[in-house]
Structure formats: structure tokens, C-alpha cells
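For reference, the structure discussed in these notes is given below.
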Amino acid sequence: MSESAYYARRKAAKTPPKHTALSLEIKSLFLQSHGLVGKRTLRDLLKQRGMAVGLYLMRKLMNQQGLFGK
């Protein structure tokens, strides 16, 4: 393992995951809707709650959690 890869991995292990609270909020709204909403509807619901989220971030967070709208 190269020296730069070692330090990059070490730094990545120390940083907490990003968007943890946002991920929990997305999962909560998704479960409340019984899995019927997609990324655009979730984005609008979050916007009503005062959280601005882009579609790409919404898609990424939903994919990480295995959430798919019907």
C-alpha cells in the first residue's frame, strides 16, 4: 500500500458520515408514505420542512439506504 493511500484511508476512517440527520429524515418520510414517494416528492416534502436538498443528493441518499419509490 502506498503512503498516500495509507493516509487517505486513515483520514477517511476518522471522518463521520455526512448527511446522517438528512438520511434519517428521508427514511422517516419514506416510511410514512408507505414507500409510495420518489425522490422529487421527498425533496418537496423536505423543502416544506425547511431543508433544501438537490435531486442528485436525494438519489444518492435513497440508493445508499435501498429506498425506491413505487
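Please treat every number below as a calculation from the coordinates, not as lab data. Predicted, not measured: the structure shown is a model, and the values here were computed from it. No Cβ is skipped: glycine too gets one built from the backbone with ideal geometry, and neighbour counts run over all protein chains shown.
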Relative contact order for the chain, counting Cα pairs under 8 Å that sit 6 or more residues apart, in percent
33 percent
Starting from the Cα-Cα distance between Arg59 and Arg40, subtract it from 0.36 nm times their residue separation and give me the gain in nm to one decimal.
5.9 nm
Label assignment, log10 I(q)/I(0) by the Debye sum over Cα atoms at q = 0.13, 0.22, 0.24, 0.26 Å⁻¹ derived from the structure, set (1) -0.30, -0.91, -1.11, -1.33; (2) -0.46, -1.08, -1.16, -1.22; (3) -0.45, -0.87, -0.99, -1.13:
(3)
Could you work out how far apart the two model spin labels at Leu31 and Gln48 are, taking each label as a point 7 Å from the Cα in the direction of the beta carbon, and quote it in nm?
2.0 nm
If one compares the long axis through the Cα atoms of helix 3-14 with the longest principal axis of the Cα atoms of the chain, the angle in degrees, nearest 10, works out at 40 degrees
